[in-house]
Ligand SMILES: Cc1cc2nc3c(=O)[nH]c(=O)nc-3n(C[C@H](O)[C@H](O)[C@H](O)COP(=O)(O)OP(=O)(O)OC[C@H]3O[C@@H](n4cnc5c(N)ncnc54)[C@H](O)[C@@H]3O)c2cc1C
């Protein structure tokens, strides 16, 4: 058995409720299937356990890293020292607040939230069906697809700061912009989000979801590990079209490749490392810039 680090010993003494795992491979928790061990990974089951682990982190002078379902993250090969808090199985629950509003806990998947709204005859979250992350991750980065975006429907967000205190921010206070919210600049953990939706017949909502799902299945490499679109949409074009025009479909570095099905996706062909993906992103970005003069910026959060 390997010797526990000083931090692992201390956090196991001060944490009474929350499940902890030591040297937990990040590759087990990211959709890319990439990433070395997290020194400590915490799996709080509810708000109270989350608050406890945050207070312990403050006490031990550690700034935690937050993750949801790990579907938009490239974790480093060398692993992560310190504390990673995984919220995927924490913060569950959805409720209807009134005729047009629902509240969804941050750990719920975007797909479950979209189906919950559909079954209530509420339209607005159809775009979220098929985005594999959690509502917390989706709010944090203003996820979107097929013309829909979290910012269009997000009325309020309950946010916990890294000391365990909770506040409520309105949709406009979240300062949403393309794949960005203020939480990215200021920190803070999404606990739940209220969505303002529009009543519509369930059949019409279901048809939109099925249309989006069909488009996803026919255009995206869902059979290979990835983190979704690798690059943000640049001003003046679409990343996938620019990459394809630059002749980079199938371009490979180590085990990482530009998908042959959708040039906007980088996929793990088997055994890809984070450094393969980083090199591929850089080379693709450089080649596209040289050919088109347009700069591509990663959408994937690179830790
Ligand atoms: C096949 C595939 C298709 C995809 N399609 C789309 C798409 O159509 N549109 C789109 O926008 N994205 C898409 N994505 C990317 C991804 O699913 C979304 O960005 C999703 O919102 C990320 O949520 P997550 O829970 O996985 O977050 P993670 O990947 O775990 O984390 C992403 C970031 O969010 C932060 N975060 C996570 N949870 C919280 C929280 N509760 N509070 C505060 N910060 C938090 C993390 O610190 C991290 O910086 C796709 C990914 C894949 C693999």
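The values are calculated or read from the model by the stated rules, or taken from the named source; none is laboratory data. This structure is a prediction, so every number in the text was calculated from the model and none was measured. Here the Cβ is made from the backbone with ideal geometry for all residues, glycine too, and neighbour counts use every protein chain on show.
A compact table of results
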{"read-out": "Residue within the range 91-107 that is assigned to a strand (DSSP E or B), more than 10 Å from the ligand (Cβ to nearest atom) and closer than 24 Å to residue 267 by Cα present", "value": "no"}
{"read-out": "Qualifying residue in the range 126-149 (condition: assigned to a helix (DSSP H, G or I) and surrounded by fewer than 20 Cβ atoms within 10 Å (Cβ to Cβ))", "value": "no"}
{"read-out": "Of residues in the range 51-78 being more than 27 Å from residue 144 (Cα to Cα) and within 16 Å of the ligand (Cβ to nearest atom), the one surrounded by the fewest Cβ atoms within 10 Å (Cβ to Cβ)", "value": "63"}
{"read-out": "Options 81, 31; residue that is surrounded by fewer than 19 Cβ atoms within 10 Å (Cβ to Cβ), within 11 Å of the ligand (Cβ to nearest atom) and in contact (Cβ under 8 Å) with a residue 40 or more places away in the chain", "value": "31"}
{"read-out": "Check on residue 214, on the phi < 0 side of the Ramachandran plot, in contact with a helix residue (DSSP H, G or I) (Cβ under 6 Å, 6 or more places away or on another chain) and without any contact (Cβ under 8 Å) to a residue 40 or more places away in the chain", "value": "no"}
{"read-out": "Number of positions in the range 117-155 that are over 22 Å from residue 66 (Cβ atoms) and touching a residue at least 24 places away in the same chain (Cβ under 8 Å)", "value": "19"}
{"read-out": "Residue 156 being in contact with a strand residue (DSSP E or B) (Cβ under 7 Å, 6 or more places away or on another chain) and either in the same structural domain as residue 69 (by TED's automatic domain parsing) or crowded, with 18+ Cβ neighbours inside 10 Å (or both)", "value": "yes"}
{"read-out": "The range 50-76 residues that are assigned to a strand (DSSP E or B), paired with ones that are within 6 Å of the ligand (Cβ to nearest atom) (beta carbon under 6 Å, 6 or more apart)", "value": "66/189; 73/301"}
